[in-house]
Number of protein chains: 2
Amino acid sequence: MAEVQLVVVGSIGIDTIGTPTAKREDVLGGSVSYACAAASYFTSVGMVGVVGNDFPDASMALYRQFGIDLEGLQVVPGETFRWSGVYHDDMNNRDTISTDLNVFADFSPDLPEAYRATPYVLLGNISPDLQLHVLDQIKNPQFIMADSMDLWINVARDDLMKVISRVDLLTLNDSEARLLTGEANAVKAARALLELGPRYVVLKKGEHGALLFTQDTVVMAPAFPLDHFEDPTGAGDCFAGGFMGALARARRHDTVDLREALLYGSVVASFGVEQFGLDRLAKLTAEQIDERFGLLGEMIDPA
Amino acid sequence: MAEVQLVVVGSIGIDTIGTPTAKREDVLGGSVSYACAAASYFTSVGMVGVVGNDFPDASMALYRQFGIDLEGLQVVPGETFRWSGVYHDDMNNRDTISTDLNVFADFSPDLPEAYRATPYVLLGNISPDLQLHVLDQIKNPQFIMADSMDLWINVARDDLMKVISRVDLLTLNDSEARLLTGEANAVKAARALLELGPRYVVLKKGEHGALLFTQDTVVMAPAFPLDHFEDPTGAGDCFAGGFMGALARARRHDTVDLREALLYGSVVASFGVEQFGLDRLAKLTAEQIDERFGLLGEMIDPA
């Protein structure tokens, strides 16, 4: 396997997911599962996470099928993290039914020596103190992206602010950006986030796409319009993984490269939501990604 | 004045508008006011509507300032239509407080002879039977666009279906498209609307932009990201007016022309919401429109 170019840290969960039309139990999920699977189409990716010794062999085999480097995956005694949630009719909002941290409660994301000089790093959505622990271990990174969520804004704001000050790119949902900054307007919120340290801020808007802000410009990546999708879980993680994978492949960070990476992230996320969990990504081909990337480009600019 | 190239029919109202931070009384509004003002930057536009003899001279002067042809504007004894509404905190949804139809109750949109061979026609949001009355009067149109709303879907569905079968382009909010077709998925709803007759369907998504569907493609027009806006009233009408104005100016309806018209509609709408009523459009210049059109293009495709 090629040397790992992108390291992703995050949660690994076994999920129970309800939607208005279906319910699935024991779905492999978690931010690092989705992000690594998405990134695997673009670059060599290493996973940093933790599972219990109940983790299914089939799930481990699926990680390997994606070509994910698993040197950073810790298998420890106990049960794997479990999450259960139900989506509202609009498929945009959801209620968490239960969260069992299990082995995730004592997770310390220690990087294998081979990962510490990895040029691209994605800090998936986990507690900011764990993200800081990762930042303390990496050397000479080329580009660090961090994701977070409303929970950490509410309960760990100080640590989150430290993370934000040390990364190249912060991504949040637009509602989270408003919550963190106190700005009711999403554009003002993004500009306020840029003042906290990162060179780039990406506002995720779910089915409406994403906006990347720099100090002096905005780059838009619409979502691919889908006539069928089953499960929005992990869409943001697929977006982040696809974005960072494409950026690691490009090895350049000009505006055109960032824009291409945004579109690739959007495309991979659009496949991810078509089926539950990683079902669709497991069957995805590079040709299908490039075909939809081309279609999305034509929808934006048919000239 | 140049011969009228675009005729717009719709409502004229004097509005009272509440937002989370402000309240304004006696604001000139209505679908035809916004749409004609927006279109006036691109083509010669004629207004078909009705006002009472209480209609302020200043409002009539504002129409003239925009260069709108007023031969189709009826001034009749009685009071002008009045509407009052309050926006929710998210500025996306609103409650109607009161509606006084007044002279609008007996409105018959009779076109002056000079308007009947106008190549471009925009049927703004009024009752479908009035839209049908306009369709019956026009000869050899090049392109007809119709807007509607949830009220008419609920109370005048049969007439609305007749309108839809006779126009080139139908535009609805995505929620209205789902309501009319019974399809929960917006993309499927748009495709179902295409089956009803129009060659094009535009789904409006407010601050998230618009999508144009044809039988075999989708064209996307994101909204311009605003760090300040005061009043979303009339945004969809400004979009429709800007779109049809730009199309009438281009005189071609290829995909690239439709895309350009979508972006112009999006740009004019983004100015329209910056201030209450027509306040911002009244100060707008063609140079400002072109500048923002260029910025939006760079945000979509910085290559």
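The values are calculated or read from the model by the stated rules, or taken from the named source; none is laboratory data. Just so it is clear, the structure is predicted and the values come from calculations on it, not from any experiment. Backbone-built Cβ (ideal geometry, glycine too); neighbour counts: all protein chains shown.
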*Restricting attention to the range B:71-84, and to residues there that are among the hydrophobic types (A, V, I, L, M, F, W, C) and farther than 16 Å from residue B:122 by Cβ, which single residue is surrounded by the most Cβ atoms within 10 Å (Cβ to Cβ)?*
B:81
_Condition first: over 15 Å from the mean Cα position of the chain (by Cα) and on the phi < 0 side of the Ramachandran plot. Now tell me which residues in the range B:239-268 satisfy that._
B:249, B:250, B:252, B:253, B:254, B:255, B:256, B:257, B:258, B:259, B:260
*Selected residue [out of contact with any strand residue (DSSP E or B) (no Cβ under 6 Å at 6 or more places or on another chain) and within 14 Å of chain A (Cβ to nearest Cβ)] from B:297, B:272, B:265, B:241*: B:297
*Out of B:250, B:246, B:240, B:261, report the one residue that is more than 22 Å from residue B:14 (Cα to Cα), out of contact with any Phe, Trp or Tyr (no Cβ under 7 Å at 6 or more places or on another chain) and small (Gly, Ala, Ser).*
B:250
*Is there a residue being of a type outside the set (Gly, Ala, Ser), more than 18 Å from residue B:217 (Cβ to Cβ), modelled with pLDDT of 95 or more and not in a helix (DSSP H, G or I) anywhere in the range B:286-300?*
no
*What are the residues in the range B:264-303 that are among the small types (Gly, Ala, Ser) and either more than 21 Å from residue A:297 (Cβ to Cβ) or crowded, with 17+ Cβ neighbours inside 10 Å (or both), if any?*
B:265, B:266, B:269, B:270, B:272, B:277, B:282, B:286
_Residue identified as without any contact (Cβ under 8 Å) to a residue 40 or more places away in the chain and basic (Lys, Arg) among A:280, A:249_ = A:280
*Which pairs have Cβ atoms under 6 Å, sit 6 or more apart or on different chains, and link a residue in the range A:286-303 that is without any contact (Cβ under 8 Å) to a residue 24 or more places away in the chain to one that is among the hydroxyl-bearing types (Ser, Thr, Tyr)?*
A:302/B:255
*Given the range A:98-205, what strands (runs of 3 or more DSSP E) lie entirely inside it while holding 2 or more residues that are within 14 Å of chain B (Cβ to nearest Cβ) and of a type outside the set (Ser, Thr, Tyr)?*
A:200-204
*Evaluate the range A:45-57: report whether one residue or more is in contact with a Phe, Trp or Tyr (Cβ under 8 Å, 6 or more places away or on another chain) and either surrounded by fewer than 17 Cβ atoms within 10 Å (Cβ to Cβ) or of a type in the set (Ser, Thr, Tyr) (or both).*
no
*Can you tell me which residue among A:256, A:219 is more than 23 Å from residue B:211 (Cβ to Cβ) and either within 13 Å of chain B (Cβ to nearest Cβ) or in a loop (DSSP other than H, G, I, E, B) (or both)?*
A:256
*Just name the residue that is surrounded by the most Cβ atoms within 10 Å (Cβ to Cβ) out of those in the range A:222-234 that are facing chain B (nearest Cβ under 7 Å) and in contact with a strand residue (DSSP E or B) (Cβ under 9 Å, 6 or more places away or on another chain).*
A:222
*If you go through the range B:69-87 one residue at a time, how many are in contact (Cβ under 8 Å) with a residue 40 or more places away in the chain and either outside any strand (DSSP E or B) or among the basic types (Lys, Arg) (or both)?*
5
*Would you be able to tell me the number of residues in the range A:111-137 that are surrounded by fewer than 21 Cβ atoms within 10 Å (Cβ to Cβ), without any contact (Cβ under 8 Å) to a residue 40 or more places away in the chain and not basic (Lys, Arg)?*
9
_Subset of the range B:162-182 that is touching a residue at least 24 places away in the same chain (Cβ under 8 Å) and charged (D, E, K, R) - its residue that is farthest from residue B:210 (Cα to Cα)_ = B:162
*Is the range A:186-208 home to any residue that is surrounded by fewer than 19 Cβ atoms within 10 Å (Cβ to Cβ), within 18 Å of residue A:8 (Cβ to Cβ) and touching a Phe, Trp or Tyr at 6+ places or on another chain (Cβ under 8 Å)?*
no
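Quick check on this structure: which one of B:237, B:257 is surrounded by fewer than 24 Cβ atoms within 10 Å (Cβ to Cβ) and among the charged types (D, E, K, R)? Explain how you work it out, then say what you get.
Details: B:237 fails: surrounded by fewer than 24 Cβ atoms within 10 Å (Cβ to Cβ).
Only one candidate qualifies: B:257.
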_Condition first: hydroxyl-bearing (Ser, Thr, Tyr) and in contact with a strand residue (DSSP E or B) (Cβ under 6 Å, 6 or more places away or on another chain). Can you find one or more residues in the range B:155-173 that meet it?_
yes
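Residue by residue, here is whether (1) more than 25 Å from residue B:289 (Cα to Cα); (2) aromatic (Phe, Trp, Tyr); (3) touching a His at 6+ places or on another chain (Cβ under 6 Å); (4) in a loop (DSSP other than H, G, I, E, B) holds:
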position: B:7; (1), (2), (3), (4): no, no, no, no
position: B:51; (1), (2), (3), (4): yes, no, no, no
position: B:54; (1), (2), (3), (4): yes, no, no, yes
position: B:59; (1), (2), (3), (4): no, no, no, no
